1. List pairs: first in the range 331-343 and under 10 Å from L367 (Cα atoms), second open to solvent by 20 Å² or more (accessible area, probe 1.4 Å), Cβ under 6 Å, 6+ apart or cross-chain?
2. Kindly provide the set of residues from the range 535-554 that are touching a helix residue (DSSP H, G or I) at 6+ places or on another chain (Cβ under 9 Å) and not in a helix (DSSP H, G or I), ordered by number.
3. Looking at the range 588-605, is at least one residue more than 48 Å from the chain's Cα centre (by Cα), closer than 30 Å to T500 by Cα and at pLDDT 65 or above?
4. Tell me, which helices (runs of 4 or more DSSP H) wholly within the range 152-257 include 1 or more residues that are within 22 Å of D307 (Cβ to Cβ) and open to solvent by 30 Å² or more (accessible area, probe 1.4 Å)?
5. Count, please, the residues in the range 423-465 that happen to be of a type in the set (D, E), in contact with a helix residue (DSSP H, G or I) (Cβ under 7 Å, 6 or more places away or on another chain) and not in a helix (DSSP H, G or I).
6. Can we say A454 is within 23 Å of T500 (Cα to Cα) and either at pLDDT 95 or above or of a type outside the set (S, T, Y) (or both)?
7. Kindly establish whether L879 is in contact with a helix residue (DSSP H, G or I) (Cβ under 6 Å, 6 or more places away or on another chain) and either in contact (Cβ under 8 Å) with a residue 40 or more places away in the chain or crowded, with 16+ Cβ neighbours inside 10 Å (or both).
8. For the range 314-369, which positions are under 24 Å from the mean Cα position of the chain (by Cα), aliphatic (A, V, I, L, M) and more than 17 Å from R381 (Cβ to Cβ)?
Amino acid sequence: MPGRVSRKPGSSAAQSTQNLSLPAASSSRLSNNATDDGSIKSSRSSRGTESTRDSESKPSRKSTRTSAIPISIPDEGPSTALRVQICSLFGDAQRTTAAHRKLVISLRKIQEACCYEPTSPVKGKQVSQYHQLGADFGEEEFTSEVARCMLRILGVKRSENAADRVIRFLVLFLRHANEKDNALLQEVADEDDMLETPSSRLTSHLLTTLLPLMTSKEKTVRFRATQITSDLVSSLQSIDFDIYQATRAALLRRIRDKESMVRVQAVLGLSSIASNDAEDDQEDEEEDDEDDASSLLEKLLDALQNDPSADVRRSLLLSLPLTAATLPYLLERARDLDAATRRGLYSRLLPSLADFRHLSLSMREKLLRWGLRDRDQNVRRAAARVFRERWIEDCAGTRQQAEGGAVIEQKSPSFEGLTELLERIDVVNSGVESGIAQEAMKEFWEGRPDYRAAVTFDDSFWENLTAEGAFMARSFNAFCRQEGDGKYENLVEEKMPEVTKLAFYIQRYTNVLFSKLKTTNERAEGDDEDTVELEFIVEQLLHIALTLDYTDEVGRRKMYALMREILAVAELPEETTRLVVDILRVVCGENANGERDFCGVVLEAVAEVHDTIMGEDGAENGEEDGEESFHSARSEVSDDAPAKKKAQAPLTPEEQAEKEAQEEEKAVREIVVNMKCLHIAQCMLQNVQTDLKENAHLVTTLNNLIVPAVRSHEAPIRERGLVCLGLCCLLDKSLAEENLILFLHCFAKGHEALQTTSVQIITDILTTHPSLLSPTPPTDPEAESTPSALQKPILKLYSRSLRSSSTDVQSTGCTALCKLMLGNVIKEDDLLKQLVLTYFDPATQDNPAMRQALTYFLPVYCHSRRENMERMARIAVPLVHALVTLNDELEEDEGMVGLTLVTAHLVDWTDPRKLVVLDSFSTGWDELGRKETKPVEADIHVDVAVDVLNKVLSSGCTKEERKTLISLLSKLYIAHAADASKLLELHDLAAAAVDASGRIAPDATSRNALTKVLNAVEKVVQVDAEQAEQAEPVVTAGEEDESKFLSKAGSGDEEGVEESKADEESRAQLEGESQIKYEHEDEHEDDGDDDAATVTGNSVKDESVLSDATRITASEGMDVDDPMDMD
């Protein structure tokens, strides 16, 4: 054997553990505190120890931070040279990771000296030192000392980085040592044989020592033991099978640990084991191994889905093997609750995939939609970076391959790769208005300036358009016009065609589309792929035309004529029809004349469509009538009587069936005509804003098209007519008032889709004409106004929609009602109560759209207006009663949110401190002209407290309801700014509740809450009483001097009068001196302000002014002697 010959192995792992002199009872109390024998030291822990010693000698109010748990280290024997050397290396390793490689080599030399026999002569001083260690110590002592240093890490807390560096050093050393030992044994052992080496025995000993410590009661010991075990398992290539099984079982138990930091380390180690098992399963197909691997993977996947800690889920996301079985579970984390986990999926997992094209089409679309529409900005950025950097390179990089098949990264922009990328995300389906392709391309153009600069749209591009190319041009045009505040407008002018040229391209592709549609209709086949692609291309061109500048009159006229011609085509698809109408509206101009012209053009197109479809039917009928008249005339000439018999003869079954088929076809044709005309009218009504009666074209459309459609017996025509009628109602209030009853009837008698449409129409009408719900003004000035006749049925409609069995109707009604309440159109306490009950009702947990709307609505509604918050405060106590009753009626398998959470929401929604729009009396101006916020009026929470105490003291309150209400009472905000009468009422009720606490509050928590509320109210009332006492008039020094002067003058005391006159003269003299001094200050005072000007130095004010100032100050509750006392 070259180099060194291995010595005889020492004792077993169990014997080595005994040589550490560490009993099992004390193994859970290990630390990294410094010792005198050269063990590992931590600067923070040593400082913590010194602080602890100082705290024992003198008391301190601050707690001492320590980096390890307190321990008692047993006797480990005398210090040796080997211990000093190894501890010195470990001590250096904890300071920095920069010298780890050098320290690993030094520790390896010590291991070789202790575990191998030298085969070469000793040379040099350094070699003599290692030779001396090898002569004095063996493998057993080396293993014991390394394990002893490892044990010092176990008590170090998670926040200490020094322990992490030591663990990293230990793992690096074991990897290096195993590589060296395997290299020494390559010549004498086969590759398949697993021989014991000093490093493998050291690893087995360390793992055997750590496994019992993973069940310690100390969480820090469990964390460090699991961390070291996971790092060892992740770094080693081979391990003893028995130890492997024990380690696997110990780590499996730790994935259920109550500490998330322990579970994180456990799943990291198990993920490494699962990865190795997955590789072994590909080589070895034994059933037992496959079962063990699958069971381990199932447990890890279960933790990935259900572990409450985001750190655990994130660790599993980044460490589990990427296989066909695990990939769907990993991609599910794109919907994880934790934003960092979602970001990790897009920033680390997806870029590590070999090629995104291995994913299914639906999964690609979901990943883009989830990522680009995420609520977190960092997740959106990561998803956009994956799309524009990684996925484009997967498509563009495969265009160039080396001879060996390796992919060469594409440096220059590849538009063939971009076209393929758009094809891979199915741009025909995802490029619609609600699709994700538009958002993805916006991020692409924003993050790839090289593609922006290199893209060209020449004539050959427009003449050979594909679906992907058309969408690329449309997205580029939309990005340049909408983003960057106009800085990309020059790119549009440079690369996009002008209006006239684009009109010719639109005409070319629409003609091809119409020919395809006619061919498809003649064959009575469904839409083929070519027709769908052509329709998509035309739509993208129309989207581009919507954004063009029509100041060029030649281009405007060309586009106007083209859109008018296209709109009259009966086969035009609905989405294309909508875009054509929108373009016509832009081309006609924004003024009133342009709107009338627009309506006239659309009505002409409607008439042409009607004549085109019904004209074909009329032509066929005319031909048949001609034939019948010809035969009748001929028969009449030959024989009159038989001809009459033949005309009146009954039809044969074949003729009857043919006639019924013709009538059915005619009825279908009429439905198609009416649906097409109504759709054009609907698109027109969505683009007009003028009053209905001022536009003759709109009145004609209403009378000749919409009203007959509403009265039709065909359900599709009637429903679309209702939508058009609703749009007309938005343009005329009187029409809306007349037809609201019709929409209410449709909701009451219609199916789910019609109910949803009716709710949307009624909500739009009320939003546009909110005065429809206003009370009717009385004819007599002294009489009260009567509610609107429409109010009751409309409120009943929204109440029924919230109780509907259809989730669509529920969510639509809830969203509509929230909008009307936010707009202050509806102000009903009962509906607000029903919304809150619906929010907490467990029956609505399957309707996330409605709950999401309420999650946004309720806090915004309450915090935006004071009257809204007061409305919520009025229904707070009835809400608790209803929710307690609902909770009692639920079955065991049904669960509602806790009542504590309900009360927390109610307190938050009624907290006056959270009002966003403060009332006018909440702000003011100080003496220096600065804006200040006055104390918040806390009457709202006082009112809630009064209602709660009245309910608690009543006899109709249940035990559970009392407990819930008292818990709500303890969270309310009671302040000095509340009304004094309400505070006194609250004080009386709180005192009565405390006196009756034995009856209404049987548990200690409720009694303490009542006492706390009473004390808080008493404190507020006492402070208010003190302020009222201070507000009484007091006798000032100026008034006392004035009374003395008058008394002396009245008694005839000449001496006193003379003294008083002297005092008055001196006071006047001082006042004259101070008048000049403070003249500039008086100019800034308000004329109507009665407050006295500030006096500094020895100046004295006039007595009357001083007295008035004193009285004003006292009335405000201020101390005269201390002008800065504002309490």
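The values are calculated or read from the model by the stated rules, or taken from the named source; none is laboratory data. Please read these numbers as outputs of a predicted model, since none were measured by experiment. Cβ sites come from the backbone with ideal geometry, for glycine too, and all protein chains shown count toward neighbours. Surface areas here come from the heavy atoms of the whole protein model, side chains and all, with no ligands, DNA or RNA. Shrake-Rupley method; radii C 1.70, N 1.55, O 1.52, S 1.80 Å.
1. A334/W370
2. Filtering the range 535-554 for residues touching a helix residue (DSSP H, G or I) at 6+ places or on another chain (Cβ under 9 Å) gives 535-550, 552, 554.
Correct list: T547, L548, D549, Y550, D552.
3. yes
4. 219-235, 241-254
5. 1
6. Values: within 23 Å of T500 (Cα to Cα): no; either at pLDDT 95 or above or of a type outside the set (S, T, Y) (or both): yes.
When the stated conditions are applied, A454 does not pass them.
7. Working: in contact with a helix residue (DSSP H, G or I) (Cβ under 6 Å, 6 or more places away or on another chain): yes; either in contact (Cβ under 8 Å) with a residue 40 or more places away in the chain or crowded, with 16+ Cβ neighbours inside 10 Å (or both): yes.
Yes, satisfied.
8. L316, L317, L318, L330, L331, L337, M363
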